[in-house]
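Derivation of every value follows stated rules applied to the coordinates shown; laboratory data play no part. Model, not experiment: these values are computed from the prediction. Ideal geometry is used to build each Cβ from the backbone, glycine not excepted, and the neighbour counts take in all protein chains shown.
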Amino acid sequence: MKRIFTLFIALLAFGMSSSALAQAVIKFDKTSHNFGTFQEENPQTCVFTFTNTGDKPLVIQQAFSSCGCTVPEYTKTPIMPGKTGKLTVTYNGKGKFVGPFRKSVTIRSNATNAMVRIYIEGTMENSKK
């Protein structure tokens, strides 16, 4: 009886550990983008591409920025293993302080690296009118 119980526990532990190994993994091509210098009236947009390098579907649950002037949009459908998705970030600093800036976007997903941050930066100048 003791052997059967031990065998059952060992099989249960093995089954749980092997299913835990199968995960989605998010890998960005780049994690920062510099817009350079631009005028206040010209919102800036960049696209970050990511790949699911894991072996389960990747689901982006949330993407949020460090301020309201930065708006992220992302692929809403599950990204299958080996496939890519996109995260588009738009910076609109109109009416904000001019000069250099650095903003972050936090991405939450079901991946093993469940929380990833990407950054945008640049220098916004006053409008030339």
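Local charge for residue 75 was computed over the other residues whose Cβ lies under 10 Å away, with Lys and Arg +1 and Asp and Glu -1, and equals +2. Can you tell me how the range 23-125 classifies by the Cα gyration tensor, rounded, prolate or oblate, using a/c under 1.5 as the rounded cut? Cα axes put the range 23-125 in the prolate bin.
Between residue 28 and residue 67, what is the FRET efficiency for a Förster distance of 30 Å, r being their Cβ-Cβ separation, to the nearest 0.05? Mind showing how you got there, number by number?
Working: r = 21 Å, r/R0 = 0.69.
Result of the calculation: an efficiency of 0.90.
The 3J(HN,Hα) values that the Karplus relation (6.51, -1.76, 1.60; θ = phi - 60°) gives for the range 28-37 are, in residue order, 7, 5, 8, 10, 8, 9, 10, 6, x, 9 Hz. Gly and Pro appear as x.
As an exercise, find the ratio Rg/Rh for the range 71-129 from alpha-carbon atoms, using the Kirkwood inverse-distance average for Rh. Display every interim value, and only then the final one.
Details: Rg = 15.4 Å, Rh = 13.9 Å.
Ratio value, two decimals: 1.11.
The order of 67, 46, going from fewest to most other C-beta atoms within 10 Å of their C-beta, is 67, 46.
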